[in-house]
Amino acid sequence: MKYKTRGINLGASLLILLTVFGGGAGATTTPHPLDYYERGTEFLTSFRGDRQDILEAQKIFQQLIVRYPESAFGYLGMSQSLLMEAALFDNHYNMKLVHEQALPNAVKALELGPTIRAVHDHYSGIEKIFENYYLNKKEAQIYLTLYPEDPKTFFYAGSFVLDQDEPQKAVEYFLIALDMNPGQELRQKILKRLAWIHLNKYQQYDKTVHYCRQALELEDSSYELNEYLGLAYLRMGDYHASVRSLSRALQLSGNRGQAQFYLWLAKGHQAEKEGNAPLAADFFEKALLSHGRDIEVHYKLGNLYFSMADYRKAYDHFRRVIDLQPDKANAYFFAGRSIQSLGDYDSAVTYFSKYLTLATDDQKVDWIKQHMPAVFSRNLLGPR
């Protein structure tokens, strides 16, 4: 998934907002709306397409809306995050999400912050999306009327219903277009969309591989197709093939896009599979250099360092997981195990107590009872 910011420079917008309010984050001990907004937009600027960053940003913006319901920033941030969630690829959007959620939040931000430039820029960006949408709709209608036997007709129809978040109908139209023997350029566009749908909408990675290979036979210099192929292999557990495709994507993109992050992941998983935990940890650490807020990578590193008895690093990564996802139960258990191994039993009791409020895996509970009975003597939960 690719998201192209339309008329919004987040760094410049923050500067403008700070100027408008004559101060900014950190000016008082009470969190300012800008504190929340900046935290949320940090997740959006590191967005790489798997929605986790968007969901984390939305939690922060929702907190901002609840705490400061008269501030435009919460609604602005929520609309920005929803727009990113609605983004498909190649300038296509889930227009249902744009219309029903992103737009109302943008309107609310405009009502509350009519003098804020970033709010107007964002609203203008949504207007442009609607303009493009109606142009696409008009083009699809023209082709349907004038060229009912042209494969482009079904390509445009497929692209249009994809805008409506109807991937099944889109696949049907794209397959009809393929059966009509389109030219090489159009065929590759259709195959690319089919690959994207099966990768991101259906998680059918074998079909993603199938369509990517067909498209790359026509033209092998598409970094997006090589990236889709690498991601499909990564999620199928074929790490060698994933490294090969992602390396190709990185070469073709000139180090743009998300190929570098996923390449480090693929190399890390491959090293772990081969039993080389230190090398795997090194690759996963490199992945974090390009995307430091990835919860699953932090969790993976915590487990790797714990297995190598490097409890300080293990604790640091489990602590980071908790910071990013406070309800991830296993992170509390392993943070407790790690800090206990470092000799801090009071902190371990706190982590284990929190784990027991979130989950009750029998093996983990039995381990806590056996090794940390003080957890139950606190009378916080009672014996289990």
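Quick rundown of the values:
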{"item": "Net length gained if the chain between GLN184 and GLU100 were fully extended (0.36 nm per residue, minus Cα distance)", "result": "26.5 nm"}
{"item": "Cα-centre dipole for the range 311-384 with unit charges at Cβ (Lys and Arg positive, Asp and Glu negative), debye to 20", "result": "80 debye"}
{"item": "Segment ARG117-ASP323, length gained on full extension (0.36 nm per residue, minus Cα span)", "result": "71.0 nm"}
{"item": "Selected from PHE283, LEU265, THR145, residue furthest toward positive end of dipole (the chain; charges at beta carbon)", "result": "PHE283"}
{"item": "Relative packing of peptides 359-370, 277-288, 292-303 - highest average C-beta neighbours within 10 Å first", "result": "292-303, 277-288, 359-370"}
{"item": "Burial ordering of MET180, MET95, fewest other beta-carbon atoms within 10 Å first", "result": "MET180, MET95"}
{"item": "Set of the range 80-115 residues, backbone N closer than 11 Å to the point 7 Å along the Cα-Cβ line of THR145", "result": "none"}
{"item": "The range 139-200: relative contact order in percent, alpha carbon pairs under 8 Å with at least 6 residues between", "result": "28 percent"}
{"item": "Net +/- balance of residues flanking LEU146 in space, Cβ distance below 14 Å, scoring K and R +1, D and E -1", "result": "-1"}
{"item": "Neighbour net charge for SER247 - beta-carbon separation under 13 angstrom, K R +1, D E -1", "result": "+2"}
{"item": "Rg over Rh, two decimals, the range 243-384 (C-alpha only, Kirkwood Rh)", "result": "1.09"}
{"item": "Charge tally in the Cβ shell below 9 Å around GLY40, where Lys, Arg are +1 and Asp, Glu are -1, GLY40 excluded", "result": "-1"}
{"item": "Peptides ranked, highest mean first, by Cβ atoms within 10 Å: ranges 65-75, 81-91", "result": "81-91, 65-75"}
{"item": "Lysines whose Cα lies under 30 Å from that of LYS354, excluding same-chain neighbours fewer than 8 positions away", "result": "LYS59, LYS300, LYS313, LYS328, LYS364, LYS369"}
{"item": "Segment VAL107-LEU289, extension gain: residue separation times 0.36 nm, minus the distance between their alpha carbons", "result": "61.9 nm"}
{"item": "Theoretical ellipticity at 222 nm over the chain - DSSP helices of four or more residues, -39500 (n - 2.57) apiece, nearest 500", "result": "-23500 deg cm²/dmol"}
{"item": "Cα-based shape type of the chain, given that a ≥ b ≥ c are square roots of the gyration tensor eigenvalues and the cut on a/c is 1.5", "result": "oblate"}
{"item": "FRET efficiency for ASP220 and SER347, using Cβ-Cβ distance with R0 set to 41 Å, rounded to 0.05", "result": "0.15"}
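Each reported figure results from applying straightforward, stated rules to the coordinates on display, with no laboratory input. Fair warning: this is a prediction, and the values are worked out from it, not measured in the lab. No Cβ is skipped: glycine too gets one built from the backbone with ideal geometry, and neighbour counts run over all protein chains shown.
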